[in-house]
Amino acid sequence: MNIANQEVELCPIYVKLPAEHIVLVMFILETYEDLGVVRTLSAERGEIVILSVPDSVAHCRALIEDLSKTVAIREIPRPASVAGDWLLSDMESGS
């Protein structure tokens with residue numbers, strides 16, 4: 001991804017959790033500066049993606065692990081289609 005003429009590598013971490021906890025997880029991640037950006041893939045299925053830079057991936061996964069002690073949250077494989085998310089589609093096409 002090219003932001004302001006700088007190449008930025010984003011690492012997607014796909015996560016499943018109860019839909020009612022999506023906003024909570026978004027809020028928690030946003031309180032950590034530069035940890036990751038949350039995008040909702042499917043609110044109905046409780047699927048989100050955390051877009052993180054390589055240096056922060058381990059911290060994101062540690063946060064997911066910590067949250068799993070109180071919220072039914074887990075990392076999942078990439079969903080079959082992310083066509084509904086313009087940013088992920090753009091990342092995959094290399095634009």
* Integer Hz, Karplus 6.51/-1.76/1.60 couplings in order for region 73-79, x for Gly and Pro -> 10, 8, 6, 10, x, 4, x
* Structure fact -> Fewest-first ordering of CYS11, CYS60 by Cβ atoms within 10 Å yields CYS11, CYS60
* Rank the residues HIS59, HIS21 as a footprinting-exposure proxy: fewest other Cβ atoms within 10 Å of their Cβ go first. => HIS59, HIS21
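Would you list GLU20, GLU75, GLU7 from fewest to most Cβ contacts within 10 Å?
On the way: GLU20 10, GLU75 14, GLU7 7.
The order, fewest Cβ neighbours first, is GLU7, GLU20, GLU75.
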* Please report the base-10 log of the normalised intensity I(q)/I(0) for region 7-49, using a Debye sum with one equal scatterer per alpha carbon and no solvent, at each q in 0.17, 0.21, 0.29 (1/Å). => -0.46, -0.66, -1.06
* Rounded to whole Hz and in sequence order, give me ³J(HN,Hα) for region 60-71 from the Karplus expression 6.51 cos²θ - 1.76 cosθ + 1.60, θ = phi - 60°, writing x for Gly and Pro. => 4, 5, 5, 5, 4, 4, 5, 5, 5, 6, 10, 10
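All of the numbers you see were taken from the coordinates with simple rules; none came from a lab. Because the structure is predicted, anything quoted here is derived from the model rather than measured. Note: ideal-geometry Cβ built from the backbone for every residue, glycine included; neighbour counts use all protein chains shown.
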